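Scroll down for the structure; my scribbles are underneath it.
The values are calculated or read from the model by the stated rules, or taken from the named source; none is laboratory data. Just so it is clear, the structure is predicted and the values come from calculations on it, not from any experiment. As a convention, Cβ positions derive from the backbone with ideal geometry for all residues, glycine included, and neighbour counts pool all protein chains shown. Calculation scope for accessible area: heavy atoms of the full protein, side chains included, ligands and nucleic acids excluded. Shrake-Rupley method; radii C 1.70, N 1.55, O 1.52, S 1.80 Å.
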Number of protein chains: 2
Amino acid sequence: MQLKKYTDYGLRILMYLASFDADDKCAEPKLATIREICDTFDLSANHVNKVVHHLGRLQLIETRRGKNGGFLLAKQPEDISLAFVIRQLEGDEKWIECENPYCVAMPACELKGIVARGKELFYDYLSQYTLKSLMVKAPQLRQIFSTAS
Amino acid sequence: MQLKKYTDYGLRILMYLASFDADDKCAEPKLATIREICDTFDLSANHVNKVVHHLGRLQLIETRRGKNGGFLLAKQPEDISLAFVIRQLEGDEKWIECENPYCVAMPACELKGIVARGKELFYDYLSQYTLKSLMVKAPQLRQIFSTAS
DNA sequence: TCAAACATACATTCATAATGCATTTATTAT
DNA sequence: ATAATAAATGCATTATGAATGTATGTTTGA
Ligand code: SF4
Ligand code: SF4
């Protein structure tokens, strides 16, 4: 019972982007690159590669190929729901798998419903937070990110 | 992000015991055995063995070795909290691991706290349910369990 | 046309849940 | 006493999926 690193990596990437996004309002924000993220967080380039691609497909970031390419937030931080991000990156599977193999208790089991509602409660709770909620210490984050090797 | 089968097996065992427990109030309830559980749910004997042992250590069931041995509920179903059972069987690790390897964002990261509170919210929600909550269809469960090969 | 950057596909490694096997210990009916 | 039964315990193995690695393709700007 733990979030995948994959999911957390996605959130780190968004936090990274948002922390610099807040920097200059009007100007076109500088694009970040996979290399940059890997250097900052000391992560595997290929893993980050996939997460970035995923975030792109989710339209949370805009990716640009080619020289001087990279990616940037496609929305305002306050419009990026943590519930959405985590649900999508994590996958939305049931927290208990009752088929596969089939459980005889199924027809009369209250448990699966209780756990399913617990899961929804977790996401409901997360839905009150956005990427902006993670930016209360944006200057410190920016400081950390820009000094990290 | 899914509960371990191990955890679900534990809950099935408790449900099994409770469903028959409700049967006769005053008489010493019949003991269930690992073999019985395995036959009913079509599970691996050794896996169930471990879960039963764990439930015993948690004082949720009383185990008896030797001929005519087995196990039975050590408490009333209404005194067995689902939050406790799931937390114990599942293990109580953090849902995001920020050390191992160490994440540079740590000092300024709001995310870890948000997720940790979400986890607690999940368990708070579960704490309003007990094994008895799973017994609303006890007769049907008993029916299923007694007819399952 | 070259180099930089993401896109894509596939292969491999690693962690751990899940399962299997063997033996020991306790209990009780015979 | 003894044999049968059932849980306790320890260790080995397998299966699954996350995590990571390798390779190549594609787009884009200088
Ligand atoms: S016991 Fe209930 S929750 Fe668990 S597998 Fe069976 S039906 Fe699903
Ligand atoms: S980003 Fe925050 S939650 Fe994720 S690992 Fe780093 S400190 Fe922990």
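Taken as a whole, the condition of being within 16 Å of ligand 1 (Cβ to nearest atom), under 29 Å from residue A:4 (Cβ atoms) and assigned to a loop (DSSP other than H, G, I, E, B) applies to residue B:3. In this structure, residue B:89 does satisfy being within 16 Å of ligand 1 (Cβ to nearest atom), modelled with pLDDT of 95 or more and within 13 Å of another protein chain (Cβ to nearest Cβ). The number of residues in segment B:94-149 that are touching a Pro at 6+ places or on another chain (Cβ under 9 Å) and not hydrophobic (A, V, I, L, M, F, W, C) comes to 5.
Filtered by the rule that a residue be in a helix (DSSP H, G or I), away from ligand 2 (no atom under 15 Å from the Cβ) and closer than 17 Å to residue B:105 by Cβ, segment A:31-40 gives A:36, A:39. Suppose we keep only residues that are open to solvent by less than 40 Å² (accessible area, probe 1.4 Å) and in a loop (DSSP other than H, G, I, E, B) within segment A:105-128. Which one would you say is nearest to DNA strand D (Cβ to nearest atom)? So, considering only residues that are open to solvent by less than 40 Å² (accessible area, probe 1.4 Å) and in a loop (DSSP other than H, G, I, E, B), the one nearest to DNA strand D (Cβ to nearest atom) is A:105. Residues in segment B:129-141 that are of a type in the set (D, E, K, R) and buried (at least 19 other Cβ atoms within 10 Å of the Cβ): 0 in all. Please verify whether residue B:43 is in a loop (DSSP other than H, G, I, E, B), over 30 Å from residue A:140 (Cβ atoms) and open to solvent by less than 60 Å² (accessible area, probe 1.4 Å), treating the condition exactly as stated. It is true that residue B:43 is in a loop (DSSP other than H, G, I, E, B), over 30 Å from residue A:140 (Cβ atoms) and open to solvent by less than 60 Å² (accessible area, probe 1.4 Å).
Taking the criterion of being on the phi > 0 side of the Ramachandran plot and either more than 16 Å from DNA strand D (Cβ to nearest atom) or open to solvent by less than 50 Å² (accessible area, probe 1.4 Å) (or both), the only residue of segment B:73-104 that qualifies is B:91. Could you please let me know if residue B:88 is part of a loop (DSSP other than H, G, I, E, B), of a type outside the set (D, E, K, R) and within 25 Å of residue B:133 (Cα to Cα)? No; evaluated as a whole, the condition is false for this residue.
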